[in-house]
Amino acid sequence: MKYNNQDGLTLIMVLTLLVVASVLIGSLFTVVRSHINTVSREEANIKAFYNADSGVEFARANLEHIKYTTLTNTDDKYLKFNDENNLVFDNPEYFFDKNNLNLNDSKLKFSLKAIKKSEIIEFTSTGSYQSNGEEITKHIYFELESNRDNFNKLFNVKADSDDIVLKGKASDLDDVFLNLSEEIYPDWDDWQILRDEADNWSDIKKTGNWNTYTGVIAKTNWNLKLNNKDTFVNSIIFIDGDLTIGSQTEWENSLIIINGNLKVNGFPTQGINNSVFFTYNTNTFHLAGDFPDDIEQGIDFNNLPAEFNQVKDKLLIFRLKNWQQNQ
Amino acid sequence: MNIYQKDGFSLIEIIISLTIIVILVAGFSTALVGSLKSEKQLNEQHKARRITNSIIENLKTEKYRTRLNDSNIAWDEDEYNLSEYNINFKANVDNNTDIVINIEEKDISDNLYFVEITWKNINYSSEILLSGD
């Protein structure tokens, strides 16, 4: 090309400049668009994570309200509100969201999957978040550990296990009784609260020789001798004295609190199903008869009357452990 | 068109070129300004998210968790390197507030709270459930 060339190159230069400018602006667009996508994705990931974390917090807040009895050690099940608004485990996957959590315009959404493994329950909280039509999910794994076998929340109250003398065949009950009593040692104030609460309870009304008490909350201020075939279901009985029961007295899902001696004339052959005896302030534990091998220990607090909640909350211990985030 | 021709079309070419350039520069500059604005917003959102996450993690500490149902709960400005922002719980919001923390107790549990953190000057908010102690 000559320096004194008079040919018109303007159009070529303009077109060249346009191409260069287009490439630069295009690059900027691409970078910005990529940045927007990255930030948007990052936001969705974090919100999905906090939705999963909300599931952990939800479980934490409801530990004592969850009905664990529907959980098995063979299948994963999902926590859900049932028709009675109780928290139970079931299939298929159930999502907690603004509808069942009573939240307006919230994007919170999580599910809680669990399986029972021996003394722990393994939970996976899955948080979901919608971003640009795409569902982002994050998982948090955690374990729930209880100091009760089978999460049945059993406990026993007594001052000091050394004060108890087991006589005769009652010695067969030694291990069971001590295992129960080692679970929790509530202080004297807790016991007094329970006793004060019980002052408002009505007395047990015995109407015949074969009574079935269902959903009874009662207290007697003296020794109580039950009929041989009395049956207690979903009940709390406080005996401010000695309790004598017969071999066929049935207990199902009940608390029996004794501020004295428990005397059993033949240990219940009908079984103590999901029930616990509390003995307190006792020096002697009398038993006679055979002690069944298949005695079930524990109690389902979810089916007990609400009056016991005040005391229950002080005595139960749950721990969340092994929190970890999974992709 | 022969681009090596010596006919006098330079003026027309320049005028047309200038017109095209003006239109394109106007379009490009608008795009450029828009992109830079987007970048600025993204940076603000990124910062807001980082600060919000920090606030959430602080709320999960015992110091705040035990007071989630306290109507007089207040943010401790001197802690957690967040002092450059005016952070207030909803009951104490004023004109200088940058970040509002709203706590609602949920009746589906004894001890569950819905927490929403909203930035007043940036379009960003985050929500989470927290349990008290």
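The values are calculated or read from the model by the stated rules, or taken from the named source; none is laboratory data. Quick caveat, the model's predicted, so the values are computed rather than measured. Here Cβ is always computed from backbone atoms with ideal geometry, including for glycine, and neighbour counts include all displayed protein chains.
Considering only the range A:60-99, state which residues are aromatic (F, W, Y) and in contact with a helix residue (DSSP H, G or I) (Cβ under 9 Å, 6 or more places away or on another chain).
A:Y68, A:F89, A:F96
Report, ordered by the first and then the second residue, all pairs with beta carbons closer than 6 Å, sequence separation of six or more or different chains, a first member in the range A:17-35 that is within 8 Å of chain B (Cβ to nearest Cβ), and a second member that is in a helix (DSSP H, G or I) and among the charged types (D, E, K, R).
Filtered contacts from the range A:17-35: no entries.
Filter the range A:36-60 for residues that are hydroxyl-bearing (S, T, Y) and either more than 7 Å from chain B (Cβ to nearest Cβ) or at positive phi (or both) and give the result.
A:T38, A:S40 - these are the residues of the range A:36-60 that are hydroxyl-bearing (S, T, Y) and either more than 7 Å from chain B (Cβ to nearest Cβ) or at positive phi (or both).
Would you confirm whether any residue within the range B:79-90 is part of a strand (DSSP E or B), within 14 Å of chain A (Cβ to nearest Cβ) and within 17 Å of the chain's Cα centre (by Cα)?
The answer is no; no qualifying residue exists.
Does the range B:85-133 hold any residues that are without any contact (Cβ under 8 Å) to a residue 60 or more places away in the chain and among the β-branched types (V, I, T), and which are they?
Residues satisfying the conditions are B:I87, B:V93, B:T97, B:I99, B:V100, B:I101, B:I103, B:I108, B:V115, B:T118.
In this structure, is A:N91 surrounded by 13 or more Cβ atoms within 10 Å (Cβ to Cβ), more than 7 Å from chain B (Cβ to nearest Cβ) and modelled with pLDDT of 90 or more?
no
For the range B:28-66, how many residues meet the condition of being free of Cβ contacts under 8 Å to residues at least 40 places away in the same chain, more than 11 Å from chain A (Cβ to nearest Cβ) and over 22 Å from the mean Cα position of the chain (by Cα)?
Summing the residues that are free of Cβ contacts under 8 Å to residues at least 40 places away in the same chain, more than 11 Å from chain A (Cβ to nearest Cβ) and over 22 Å from the mean Cα position of the chain (by Cα) in the range B:28-66 gives 3.
So, B:A74, is that one touching a strand residue (DSSP E or B) at 6+ places or on another chain (Cβ under 7 Å) and buried (at least 16 other Cβ atoms within 10 Å of the Cβ) or not?
When the stated conditions are applied, B:A74 does not pass them.
Does A:Y78 satisfy the criteria of being out of contact with any Cys (no Cβ under 6 Å at 6 or more places or on another chain), among the aromatic types (F, W, Y) and farther than 30 Å from B:Q45 by Cα?
Judged against the criteria, A:Y78 is a match.
From the list B:N123, B:N111, which one is among the polar types (S, T, N, Q), touching a strand residue (DSSP E or B) at 6+ places or on another chain (Cβ under 9 Å) and within 13 Å of another protein chain (Cβ to nearest Cβ)?
Residue meeting the stated conditions: B:N111.
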